1. Going through the range 166-199 one residue at a time, which ones are under 22 Å from residue 243 (Cα atoms) and within 16 Å of ligand 2 (Cβ to nearest atom)?
2. Under 6 Å between Cβ atoms, which residue pairs at least 6 apart in sequence (or on different chains) link something in the range 19-35 that is at positive phi with a partner that is in a loop (DSSP other than H, G, I, E, B) and buried (at least 18 other Cβ atoms within 10 Å of the Cβ)?
3. Find the strands (runs of 3 or more DSSP E) located wholly in the range 190-275 whose residues include 3 or more that are under 30 Å from residue 153 (Cα atoms), and list them.
4. So the check is Cβ under 7 Å with 6+ separation or different chains; which pairs have a first residue in the range 77-102 that's on the phi > 0 side of the Ramachandran plot and a second one that's in a loop (DSSP other than H, G, I, E, B) and buried (at least 17 other Cβ atoms within 10 Å of the Cβ)?
5. Just to be sure before I move on: is residue 335 under 24 Å from the mean Cα position of the chain (by Cα) and surrounded by 14 or more Cβ atoms within 10 Å (Cβ to Cβ) in the structure I sent?
6. Only one of 202, 125 is surrounded by 16 or more Cβ atoms within 10 Å (Cβ to Cβ), within 16 Å of ligand 2 (Cβ to nearest atom) and touching a residue at least 24 places away in the same chain (Cβ under 8 Å). Can you tell me which?
Ligand code: AMP
Ligand code: MG
């Protein structure tokens, strides 16, 4: 049997970052940058007011106190978005709004709160020091400075900064487009009355959600029965829209394990036994004219999820251009003793929580690769290495957090 580490290494040797493309800014959200971006101009681009108030010459109002306010005549208003029609002269001021350009002649802003709010003339009861409440051009970034670096992720704040310097596009590694296909004669769409012997497709939904949460564009291609030719035809149809294909089911040694039969004959997909539980049968390789990577995951729901976490997520991250591919395990104290099989790495759905500031973990429900309800309550996987068969209560164990929206 092949080790988990070796299988992951083999997978990562095949998948490569998707070629960089120039995307509209909103589309670039969540993507990895493939260019260094520099500020074309200062940010902010011009001196502007940080407050609603009055643009003044600070020297005019140094003597202002609450008891003896200084009066200035108000020459007019400067609104946000207006530009330089009026200037401040000695003894006078302009009413100014937040974000409006500082008019010529002014060197400070008196906040509205320090005044009587006058329109023709204003009484000022507190002096600003020179430069006070003025946001200087280039305060945030100077022209030519780095806005965002290659390999950085375009999160909300990077998106904001790119927009702030005027960029409406960015060169990034696109999100991988992933086609998800379920297989099995017994597998049917939820929403219809159950017939004897049938089960509903849960893997298809699990996998599109996992792909989306991992930053991919998921496309659920539905269900194919256990029919080698049909499977080959459906895969062929969908290759056009796929950077990666994920199938589930049909990879064991059973009579009807048609994914294995259909893809084995192409010669580019290998079906192997990986020393892990759950998730032992794994298929991986490439198909089609563009050598599109394909994962053929086992059908049992827990096996499929574990295989996604251990092999598919790192592959997707590589395709999306990330440098860090795997989730680092964290240590937690095991609440109840656990046993695990020898010679295989075990991944056990578990619930991690903080108790008095300490991270503790307990296996969630029984072990069993078909037990979906237990999995739905889990927020982590306990990882037990190949050599360990018994873990005592209170021992420290490695835990892989699952990406969950409510974490
Ligand atoms: P297989 O890998 O095809 O032998 O399937 C292993 C187990 O997983 C069987 O009990 C299948 O019924 C089940 N299974 C296969 N595909 C799915 C699916 N899409 N959703 C839920 N269970 C599935
Ligand atoms: Mg099957």
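1. 180, 181, 182, 183
2. Taking only residues 6 or more apart or on different chains, the pairs are 30/215.
3. 217-224, 244-248
4. Short answer, once both residue conditions are applied: 84/103.
5. For residue 335, the condition - under 24 Å from the mean Cα position of the chain (by Cα) and surrounded by 14 or more Cβ atoms within 10 Å (Cβ to Cβ) - is not met.
6. Answer to the check: 202.
This table checks each residue for (1) more than 16 Å from ligand 2 (Cβ to nearest atom); (2) in contact (Cβ under 8 Å) with a residue 24 or more places away in the chain.
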{"position": "243", "(1), (2)": "yes, yes"}
{"position": "255", "(1), (2)": "no, no"}
{"position": "266", "(1), (2)": "yes, no"}
{"position": "275", "(1), (2)": "yes, yes"}
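To keep it simple, each residue is scored yes or no on (1) in contact with a helix residue (DSSP H, G or I) (Cβ under 6 Å, 6 or more places away or on another chain); (2) away from ligand 1 (no atom under 16 Å from the Cβ).
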site: 156; (1), (2): no, yes
site: 168; (1), (2): yes, yes
site: 171; (1), (2): no, yes
site: 176; (1), (2): yes, yes
site: 203; (1), (2): yes, no
site: 208; (1), (2): no, no
site: 214; (1), (2): yes, yes
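Just so you know, all these numbers are worked out from the coordinates, no wet-lab data involved. Quantities reported herein were computed from a predicted structural model and do not represent experimental measurements. Glycine gets a Cβ as well: all are built from the backbone with ideal geometry, and neighbour counts include every protein chain shown.
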